[in-house]
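Below is one structure, written out as structure tokens, with a few remarks after it.
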Amino acid sequence: MNKKFATMMAVALAGAMCIGFAACGEAKTPSPEKVEGSEVTAAQWTSAMEYFQKDDAQYTVDASLTVSYEFSSFPDPEHEGQTVSGKFSVIQEQRGVKDGAKEYLKSNSKTEGDKALEAVASAIGMPGGEFGETEEQYYEKTAQGISVYRKEDGKWTKTASGSLDFSRGLMSAVTEWEFDSCVYSEEEKGYILKEAIEGISLNYKFNADGKLVAFVLISEGEEEGIKMSYTYSFGISYAATELTLPTVSE
């Protein structure tokens, strides 16, 4: 199984990129499908992408991630000579809020399909996951390092973390392509790939001020008896949102 295909499956099954709804405000982000993007210069493109890595950046991202799998005659690792088949989808509604050195991540996810999740996960060599749950985290960057806040058994805990996962994980999908690799499409009202890549389509949408306000990535593929479609879209708003870190139980 190639690296790209395996990584995309891991993102869905492990519930990665966990972002969601903050109780700190109701900033509204644009619907990616309805946004009509403007043309930008190369300098504006670069500036828009670099903003997401700034320490004092403030923005809110509302995202939707759907990964669908269809298994056809996939070898069953538990029964030699037998195969498994079926299909299911992992669906996440997500939000991420960045308030300078603080971030809030949350995800609400569910699965739909005609095959038991644990059996499918086992068939492709992935650990089974628990879905249909809500997961949230806060991150804080200080001179002493980065701390992550998680709720365990109804209580908030604080531990050391290697990075601000929201900035590193979610926005990495956006900054992967550069200005020269895309072209503005009047039909799509946004920037699409200049040279087609089999199984991948994307659309960057900028507002009149040159800020990125929507992004859509669609990928489809088939390998080793698995068909997969991956749709990831989000809208971005730049309203300042103040995050209040949770109180940690002693």
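The values are calculated or read from the model by the stated rules, or taken from the named source; none is laboratory data. Here the structure is a predicted model, which is why all the values come from computation and not from measurement. Don't worry about glycine lacking a Cβ; one is built from the backbone with ideal geometry, like all the others, and counts go over all protein chains shown.
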Of the listed residues (47, 73), the one being under 22 Å from residue 177 (Cα atoms), surrounded by fewer than 17 Cβ atoms within 10 Å (Cβ to Cβ) and modelled with pLDDT of 50 or more is 47
Filtering region 199-250 for residues that are under 20 Å from residue 185 (Cα atoms) and among the basic types (Lys, Arg) leaves a count of 2
ask   = Within region 8-29, can one find any residue that is at pLDDT 50 or above, within 21 Å of residue 191 (Cα to Cα) and assigned to a loop (DSSP other than H, G, I, E, B)?
value = yes
